[in-house]
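The values are calculated or read from the model by the stated rules, or taken from the named source; none is laboratory data. None of these values were measured; they are calculated from a predicted model. All Cβ positions, even for glycine, are placed from backbone atoms using ideal geometry, and neighbour counts span all protein chains on display. Side chains are part of the model used for accessible areas, which takes the heavy atoms of the whole protein and leaves out ligands, DNA and RNA. Shrake-Rupley method; radii C 1.70, N 1.55, O 1.52, S 1.80 Å.
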Amino acid sequence: MYLLAFVGACVLVAMAPGVSTAIILRQTLRAGRGSGMAATLGNETGILLWGLAAAFGLSALLVASQLAYDVMRVVGAVVLVVMGAQALWQARKSTPTTEVEGAVVPGWRGPYLAGLGTCLANPKAAVFAMSFLPQFVAPGQNVPVTLATLAVVWVLVDLAWYGLLIWTVARAKAVLGRPAVRRRLEQISGVVLIGLGVRLAVESR
């Protein structure tokens, strides 16, 4: 019962648009499915690390320390603003990267690190993991083991959702791949990323 409720909650969380969705969609639109999946794997690596940190009580240190939280908040905001500025610059140059025969031209490392970096630099993810996961631990269960297991389930649900999202975007490639449309999407993603960065910088816990 707890597991089914947790899976349902994870689906709702995954479907809610946010930083992760913006990063993954941007990478998919820029360089195809491979790049989008690399960004997804990077993001889910970060989610798994935050989940394990919550399981072993490490996230509590971040929650308890206002200075650590603020430092991560500022770093995360800077990362998002820089990525947004890069998106706007790409749109201005009008030379987005393309996918060639299913292979991503710039490689998987950049998108993977983009997904991982934005997740790890987002203190909201740590706070969310700390408050979200424990709600689904049944009485009498081993807390660290259960939290670690829930973190893995959370990652699997995310992978399924983002995989479907990437597949859908890739299917619409005939429309979204047009230079004018892609340039506009780069502009939109740039503005969204900068907006998310500014919001992260100015908001408190």
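Here are the numbers for this structure:
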| read-out | value |
| --- | --- |
| Of the criteria (1) under 23 Å from VAL78 (Cα atoms); (2) assigned to a helix (DSSP H, G or I); (3) without any contact (Cβ under 8 Å) to a residue 12 or more places away in the chain, which one GLY8 fails | (1) |
| Qualifying positions in the stretch 135-147 - part of a helix (DSSP H, G or I) and open to solvent by less than 60 Å² (accessible area, probe 1.4 Å) | PHE136, PRO144, THR146, LEU147 |
